[in-house]
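> Take a look at the following structure, please.
What follows is calculated from the coordinates using simple rules that are stated; it is not laboratory data. If you're wondering where the values come from, they're calculated on a predicted model, not measured in any experiment. All Cβ positions, even for glycine, are placed from backbone atoms using ideal geometry, and neighbour counts span all protein chains on display.
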Amino acid sequence: MTRWLDDDEQRTWRSFLVATQRVHEALDRQLQRDAGMPHAYYMILVALSEAPGRALRMSELAAKAQSSQSRLSHAVARLEERGWVRRDRCPEDRRGNVAVLTDAGFAALEEAAPGHVAEVRRVLFDVLTPQQVRDLHEICATVRDTLER
């Protein structure tokens with residue numbers, strides 16, 4: 001038997017969908033305007049910047065960027081054209097590829113980060129109380145952990 005959403009759950013679900021979509025759109029607009037890159041590219045650069053040696057196997061990068069392999073490959077090709085990322089053969093098996101953040105890519109990320117953080121603050125944290133921030137973290141962590149099982 002289907003467990004339909006009650007009125008409170010339906011309102012919450014729809015608010016969640018609209019809020020997350022609008023946050024993503026705002027972040028994408030800001031990065032496109034100020035740094036000439038979509039949010040997806042920014043997230044790839046962040047993942048590489050945080051990795052040891054600023055390098056990740058393409059499959060691992062796809063997982064961190066929450067992207068399909070084909071979509072990631074296309075994005076990395078665009079980032080290679082800009083000189084921000086390069087692909088090397090995986091030293092362990094020589095069949096796979098490793099994406100490596102270049103110095104130019106790291107510089108682009110450093111330049112984009114302050115505006116991005118300001119926009120994250122503007123659209124999310126500045127409108128919440130400290131308790132709401134804690135509650136949001138707990139809620140998101142619970143959902144994330146449930147889905148990662």
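> Once every DSSP H run of n ≥ 4 in the chain is given -39500 (n - 2.57) and the sum is divided by its residues, what mean residue ellipticity at 222 nm do you get, rounded to the nearest 500 deg cm²/dmol?
My calculation for the chain gives -22500 deg cm²/dmol from helical runs alone.
> While we're on this one: Compare the peptides 35-44, 131-140 by average per-residue count of other Cβ atoms within 10 angstrom and give them in order, highest first.
35-44, 131-140
> Can I ask one more? How many angstrom lie between the C-alpha centres of the range 84-117 and the range 9-46?
Spelled out, the Cα-based centre of one part sits 22 Å from the other.
> What is the set of long-range amide H partners of ASN97 at a cut-off below 5 Å, with H atoms built 1.01 Å from backbone N?
Residues meeting the criterion, in which the H sits 1.01 Å from N, are MET58, CYS90.
> Right, something else. Would you work out which of HIS24, ALA113, GLY83 lies farthest towards the positive end of the dipole of the range 16-148? Charges go on Cβ: Lys and Arg +1, Asp and Glu -1.
GLY83
> I need the phi-derived Karplus couplings for the range 53-64: 6.51 cos²θ - 1.76 cosθ + 1.60, θ = phi - 60°, integer Hz, Gly and Pro marked x.
x, 6, 9, 9, 4, 4, 5, 5, 5, 4, 5, 5
> Then there's this: Given Cα pairs under 8 Å that are at least 6 residues apart, what percent is the relative contact order of the chain?
The value is 22 percent.
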